[in-house]
Each structure stands twice: as structure tokens, then as C-alpha cells.
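Before any comments, here is the structure.
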Protein chains: 2
Amino acid sequence: MSATTESLAAEACQACRPGSPRISAAEAADLLGALPGWEVVEAGGMDVLTATFTFDTFRAALEFANRVGDLADAADHHPELVVEWGRARVRWWTHTIGGLHRNDFIMAARTSAAAVA
Amino acid sequence: MSATTESLAAEACQACRPGSPRISAAEAADLLGALPGWEVVEAGGMDVLTATFTFDTFRAALEFANRVGDLADAADHHPELVVEWGRARVRWWTHTIGGLHRNDFIMAARTSAAAVA
């Protein structure tokens, strides 16, 4: 059965060490189906998972960034956050493997949930 | 007399409307002398004033971003903030004039003060 945003968000992040496998293209495509607004793009020679969320003010975008920071600290897995007036861009990737792990998709699902909190 | 980081941070931001003058190259060069770590770079066809600050953790970088957000809201002038693990990049520019105003240098000085708070 395919993942949903909710089921993905509820998965536990796994310990990820150098040598852990990157996600396969097929699995990434499947998981993206559960993550509206997210896409895989190349940045700095790596695949990263990114989405941009819009808000009414700078403050609302920054508050969202703080909610993402809280869930990042809780999972000990951290994104890049770009905050400007009315907009926040989030990029997830796994530094230790130089690309995307299933963990990144789990964190993306949690991020989407935090955008509507 | 040349500005210092402290004197610049203490200046009031002026109302800036379309048609307000961009800062001159000479004035920008003079003010950069009071802003260690800051540089003017081109981004999206505009000059922006940018600096990157390093921290020990993601949380410390995010807390700095929040301090910058507070001073941005207080001045009603907002930057782009990029937060990642141990690092935060700040970019100031003035949207209404498509470039740099003295206000941006004032905000940069306040940002530097917030980095050591």
C-alpha cells in the first residue's frame, strides 16, 4: 500500500550512517505522491527534497520555521530553512549519504503538517 | 566622521518609497567599513547586503534568526534568512527601490549586534 502524508509523518526516522542506502528512484517517486507541493531538485550536486510555503506575514513564516526547527531537533535531523516576507522554503537531505534517505520524506511529511498548524 | 557599527545600529530607518534614492557606491563602501563580515553581492539582478554567521548548533542559528526577525518586525523592514545546522545567512535589500538603501546598512549593523547577543 502506498504511503500517505499521515502514515509517512508517523514513521520513525532511522539512524542513518555513511554507507546507508540512498532512496531508490522508484521509492522516491512513490513517496512524492504522498507529498503534495514537494519536489526533488539538485542543489550543490546532490538531490534535495524541497517545498515552499506561503504565509500572510514575515512573522507567520518565521513561526512556521520555528515549528520545523522543533521537529528537526526532536528527530535530530535538520533542514535548510529560507525565510522571507510571506514565504518559507524548506530543503531536506541527508548529509551523511550525500543525498536523500527515506528519513527526508518522513520529515517532509511532518513539515507539511507543521505548515497548517 | 565615518560611521561605526554602533552609530549605524542606532540610526533610525527612514521611510523608503519607490523613487527613494539607492545608496551611492561611495557611501556603501564607507558603510561597509563599519560592517565587518558583510559584503554587497548581486542576487536576482539586484545588489543585496549579506553576511553569514556561524553557531554551534541548529538551535543557536535559529534563535539568532528569531532575534533578527524581532528587529525586522520592529523596523518593519525584513531580510531573507537562511538557517541550517550551525549557520545562518542574512540578506538585506530594499524591495521598493530594487536595491540598497542606507536602511539596509542600519539593519545589518543591528543584525551583527544580535549575533553576539
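The values are calculated or read from the model by the stated rules, or taken from the named source; none is laboratory data. Keep in mind that this is a model prediction, so the values were computed, not measured. Note that we place each Cβ from the backbone using ideal geometry, even for glycine, and neighbour counts take in every protein chain shown. Quick note on the areas: whole protein, heavy atoms, side chains included, nothing else; ligands and nucleic acids left out. Shrake-Rupley method; radii C 1.70, N 1.55, O 1.52, S 1.80 Å.
Mean residue ellipticity, 222 nm, helices only, chain B: the sum of -39500 (n - 2.57) across DSSP H runs of n ≥ 4, divided by residue count and rounded to 500, is -12000 deg cm²/dmol. Here the label points at residue B:12 and residue A:24, each 7 Å from Cα along the C-beta direction, are separated by 6.6 nm in the simple model. One Cα centroid belongs to segment A:3-35, the other to segment B:1-46; the line between them spans 45 Å. Note on segment B:94-117 and segment A:96-111: Cα centroid distance 34 Å, given to the nearest whole angstrom.
In segment B:44-117, carbon and sulfur make up what percent of the accessible area (probe 1.4 Å)? Intermediate values should be presented prior to the final figure.
Numbers: 1370 of 2800 Å².
Answer for segment B:44-117: carbon and sulfur cover 49 percent of the accessible area.
With label points set 7 Å from Cα along Cα→Cβ, the inter-copy distances at residue B:33 are 6.4 nm, sorted shortest first.
Here the simple spin-label model places points 7 Å from the Cα toward Cβ, and for residue B:39 and residue A:67 these points are separated by 3.7 nm. Chain B residue nearest the rotation axis toward A, with distance: B:82, 2 (Cβ to axis, whole Å). For segment B:47-61, accessible area lost to neighbouring protein chains reaches 20 Å² or more, against the chain alone with a 1.4 Å probe, at B:58, B:59.
Rg/Rh for the protein assembly as shown: what does it come to with C-alpha atoms and Rh from Kirkwood? Each step should come with its number before you reach the end.
Working: Rg = 19.5 Å, Rh = 19.0 Å.
Here the Rg-to-Rh quotient is 1.03.
Placing unit charges on each Cβ (+1 for Lys and Arg, -1 for Asp and Glu) gives segment B:61-117 a dipole about its Cα centre, and among B:96, B:69, B:115 the Cα reaching farthest toward its positive end belongs to B:115.
Taking the Cα centre of segment B:49-117 as origin, work out the dipole magnitude from +1 charges on Lys and Arg Cβ and -1 charges on Asp and Glu Cβ, in debye rounded to 20.
Using Cβ point charges on Lys, Arg, Asp and Glu, segment B:49-117 gives about 180 debye.
Compute the accessible area of each residue in segment B:70-86 twice, once for its chain alone and once with every protein chain present, using a 1.4 Å probe on heavy atoms, and list those whose area falls by at least 10 Å². Flagged in segment B:70-86: B:70, B:73, B:78, B:79, B:80, B:81, B:82, B:83, B:84, B:85. Between this copy and the others, label points of residue B:20 are 4.7 nm apart in ascending order, each placed 7 angstrom from Cα in the Cβ direction. Exposure check, 1.4 Å probe, all protein chains in place: residue B:102 carries approximately 60 Å² of accessible surface.
What whole-number value in Å² describes the accessible area per residue of segment A:1-102 for a 1.4 Å probe?
Numbers: 5240 Å² over 102 residues.
For segment A:1-102, the per-residue accessible area is 51 Å².
Remark: C-alpha extents of chain A on the principal axes read 40, 32, 25 Å, sorted largest to smallest. The heavy atoms of residue A:2 offer some 70 square angstrom of accessible surface to a 1.4 angstrom probe. Summing both sides, the accessible surface hidden between B and A at a 1.4 Å probe radius is close to 1500 Å². Solvent-accessible surface (1.4 Å probe) assigned to residue A:16 amounts to roughly 30 Å². Think of each Lys and Arg Cβ as +1 and each Asp and Glu Cβ as -1; about the Cα centre, that makes the dipole of the protein assembly as shown roughly 0 debye.
Relative contact order of chain A, please, whole-number percent, based on alpha carbon pairs below 8 angstrom and at least 6 residues apart. Show your work: numbers first, answer last.
Details: 172 pairs, mean separation 40.4, N = 117.
Taking the mean separation of contacting Cα pairs over the length of chain A, I get 35 percent.
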